[in-house]
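One structure below.
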Amino acid sequence: MSDGRPELPARLLEKVRQLHQSIEQHNHNYYVLDTPTISDLDYDRLFRELKDLETRYPALITSTSPTQRVGASPLSSFQPASHRTAMLSLNNAFEDQEVSEFDRRMRETLEIDALSYAVEPKLDGVAISLVYEDGILVEAATRGDGSTGENVTQNIRTVRAIPLTLSGKVIPGLIEIRGEIHMRKLDFERLNQTQAKRGDKVFINARNAAAGSLRQLNPKITARRPLTFFAYAVGTLEGMKSPSTHSEMMDLLETFKIPVCPERAVVEGTEGLLNYHRRLEGLRPSLPYEMDGVVYKVNTLKQQEQIGFVARAPRFALAHKFVAEEAETLVEEISIQVGRTGVLTPVARLKSVFVGGVKVSNATLHNEDEVHRKDLRVGDTVKVRRAGDVIPEVVSVILENRPEDTKPFVMPKHCPVCDSEVVRIEGEIAVRCPNGLSCKAQLKGALSHFSSRRAMDIEGLGVKLIEQLIESKQVLSIADLYSLDHERLAGLERMADKSATNLINAIEKSKDTTLARVIYALGIRNVGASTALDLARNFGELDVLMEADEMRLLAVPEVGPIVALSLIDFFSVSKNREVINRLKAAGLTWPSVPLEQGSLRPLLGKTFVLTGTLEGMTREEAKKEITAAGGKVTGSVSKKTSYLVAGADPGGKLKKAEALEVTVLNEEALMSLLSE
Ligand code: IVH
């Protein structure tokens, strides 16, 4: 504290240091330990004392002062923040058997008989990463797509449970702590009461309230929301010896005064895991925070490393969910929703009922077959289930309660929005409206998707406004957003000059974007945000992706036959290509993506045929290596074959390759290709 401030008397600096420490200690007692040791009045006195000193000697104000938690001015948007190591998700299990299989897999991989696990609640909130440099909180970011999130530092600084400086004698040079921002049950209820009283938005559940509060651009609003935090992992630790187990890591965090969940434990084997799950499920109603299951992690960090990761989740961890909560209610209506891709989805409109603390009044019925399978009818009493953040669903019909005059459900033959005759595509269960963007429901869906946060992120373009834009015929395609006219926009109901300007600015801002966002924003069926990211990384340029054939697409790790076909279908429609051209003409730009994975996959797009006996490896091994490098191995030589790999005694395939002028490689040449 005294560094670089020789002009202030040492006594004063010491006084301020004590005030910081004491106020933060009381914050910790109150917000983390839940046991305040002074009255609110005394706390306020301390705070005021510090504030007064800072007013008198502004040089005393530092970013880590407790008075500076809520100081920042509102942002116009969040800046991206890239994670030092990827923030992953978890694989889920619902059944006990999946848990014993997980334990067996872990023991087999490690070749040991018994294993310890760190176990903890699966908190229902928002994942966050906190970076402390030399013990000072310097950055807080959301998870985002796993590699880049949003910088929410100024909001996180308002969370009193999170220390601005780490406590303890030995502090790491750098530590990145991960955990869950959440809202306690009681705080959530209180917040909703206040919101309702003020006529403000009421949140559906604690998780939404936490997420919404964290995403406020004005930190003063976040500061009024009762957010709290539990840590559950460390991404990076530098400048200090790492503990050897996850549980010791959590203990270490505790010494820094970082909040960790008190219900965490260490257990042995499948039995231990299942007992913990049962115990926590029993405790769940009496615990102050929401959880939707428990998480198991192999405790020893070296072993975690040995076991490694698959795709976007660690292989050494598992989320074991709790059984969903159920309630009974009445089906008042079955209505039809038309989605972004034209699919007609029956939705049960229910008499409102609380399921797991959340008011439910709609439940998706998925599709026509599903309604018939359950024989669900208007007037029925049904069991409704809700699991965590999953959309509520109808589990079953209680037939004994069925009134006499009910009629079986009939799927409409016409789109309820545009009246086009619906089609059922062969092999698909779904019924679709074929009218594309000429159907207002689909256009609305496309526009909402296009402007959503993970797509073009156009702030201020909400559903209501989209509806108005469609009704007033200002927008007939996503590309039209880029030629909106300020005057016509300002003329819309509830639209002032200022909000029209803001929207146009937001649209303008979205032009400077990334390839992954554009791919996702196009709304290609079966292409979610993470697939879009993979495609961007593997193709680097939109034009290359647009021309890719099935084989090339299938070489991307996350792309299977369905996604490949969806991409080919999409890019073969001339209207879609036209929209892409219009977007480019409107000024959408994105940097080409360095072929990160492509360079690790030097054989991407190449087809191989293997023949004869190889010396250094079996053909099966060669096939594995080629596939891992992005290549494909097929059985017979054709004009499309890139290489024939010929071992000893090659036979007929070699002749054919020579006739077709296919390049022939010996084993050595293959090895050098693979190591390129
Ligand atoms: S560990 C290394 N532990 O669940 C694995 N995650 O489905 C990374 N979550 O995004 C996650 N409680 O936000 C872990 N005790 C816990 C958790 C937890 C909640 C969330 C987390 C993550 C999501 C994955």
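Ile334 sits with roughly 30 Å² accessible to a 1.4 Å probe, with DNA, RNA and ligands left out of the calculation. Region 442-471 and region 371-385 have Cα centres separated by 33 Å.
Bridging of Lys413 to lysines at a Cα separation below 24 Å is possible for Lys374, Lys440, Lys444, once same-chain residues fewer than 8 apart are set aside. Note on surface exposure: Glu254, Glu305 rank Glu305, Glu254 by accessible area, highest first, 1.4 Å probe.
As a test of the formula, what do you get for the chain when each DSSP H run with n ≥ 4 contributes -39,500 (n - 2.57) and the sum is divided by the residue count, at 222 nm and rounded to the nearest 500 deg cm²/dmol? Write out the running numbers ahead of the final one.
Values: 25 runs with 246 residues, N = 676.
That comes out to -10500 deg cm²/dmol.
Annotation for Arg284 and Leu217: the two label points, set 7 Å from Cα along the Cα-Cβ direction, are 3.8 nm apart.
First compute the accessible area of region 74-229 with a 1.4 Å probe, then give the percent of it belonging to carbon and sulfur atoms. Walk me through the numbers on the way to the answer.
Details: 3210 of 6940 Å².
Summing carbon and sulfur atoms, their accessible area is 46 percent of the total for region 74-229.
Relative to the Cα centre, what is the charge dipole magnitude of the chain, using +1 at the beta carbon of each Lys and Arg, -1 at the beta carbon of each Asp and Glu, and rounding to the nearest 20 debye? Walk me through the intermediate numbers first.
Working: 86 positive and 92 negative charges, 309 e Å.
In debye, rounded to 20, the chain gives about 1480.
The spacing between region 241-298 and region 612-644, judged by their C-alpha centroids, is 47 Å. Bridgeable aspartates and glutamates around Lys511 (alpha carbons under 12 Å apart, same-chain partners fewer than 8 residues away excluded): Asp457. Placing dummy labels 7 Å off each Cα toward the beta-carbon, the span from Met240 to Lys51 is 3.3 nm. For region 608-674, lysine pairs with C-alpha atoms less than 16 angstrom apart, excluding pairs fewer than eight positions apart on the same chain, total 9.
Per residue, the accessible area of region 73-159 comes to 44 Å², computed with a 1.4 Å probe over protein heavy atoms only. If I compute solvent accessible area with a 1.4 Å probe over the protein chains, what percent of it on region 230-364 is carbon and sulfur? The value for region 230-364 is 51 percent carbon and sulfur by accessible area.
On average, how much accessible surface per residue is there in region 189-311, in Å², for a 1.4 Å probe, leaving out ligands, DNA and RNA? Numbers along the way, then the final one.
On the way: 5960 Å² over 123 residues.
Using a 1.4 Å probe on heavy atoms only, each residue of region 189-311 averages 48 Å².
Pairs spanning more than 28 Å between alpha-carbon atoms, out of Lys575/Lys606; Lys201/Lys464; Lys51/Lys509: Lys575/Lys606; Lys51/Lys509.
Write down the percent of antiparallel bridges among all DSSP beta bridges whose residues are both part of the chain, to the nearest 5. List each step's numbers first, then the result.
Values: 76 of 91 bridges.
Taking every DSSP beta bridge with both residues in the chain, the antiparallel ones total about 85 percent.
Taking 4.7 Å between beta carbons as the limit, the unpaired Cys residues of the chain are Cys261.
Kindly state, to the nearest 0.05, the FRET efficiency for His372 paired with Glu325, given R0 = 41 Å and r defined as their beta-carbon distance.
Details: r = 26 Å, r/R0 = 0.64.
Given R0 = 41 Å and the Cβ-Cβ separation, E is 0.95.
Once the Cα-Cα distance is subtracted from the 0.36 nm per residue extended length, the Arg494 to Ile112 segment shows a gain of 130.9 nm.
Heavy-atom accessible area for Tyr31, with the other protein chains in place and a 1.4 Å probe, reaches approximately 90 Å². Computed over protein heavy atoms with a 1.4 Å probe, the carbon and sulfur contribution to the accessible area of region 535-676 reaches 53%. Using DSSP to call loops (not H, G, I, E or B), can you name the trypsin sites (Lys or Arg not before Pro) in region 603-676 whose Cβ has at most 13 other Cβ atoms within 10 angstrom? Sparse-neighbourhood loop trypsin sites (Lys or Arg not before Pro): Lys639, Lys640.
The values are calculated or read from the model by the stated rules, or taken from the named source; none is laboratory data. All of these numbers come straight from a predicted model, not from anything done at the bench. Every residue, glycine among them, receives a Cβ derived from its backbone with ideal geometry; neighbour counts consider all protein chains shown. Side chains included, ligands, DNA and RNA excluded: accessible areas come from the protein's heavy atoms. Shrake-Rupley method; radii C 1.70, N 1.55, O 1.52, S 1.80 Å.
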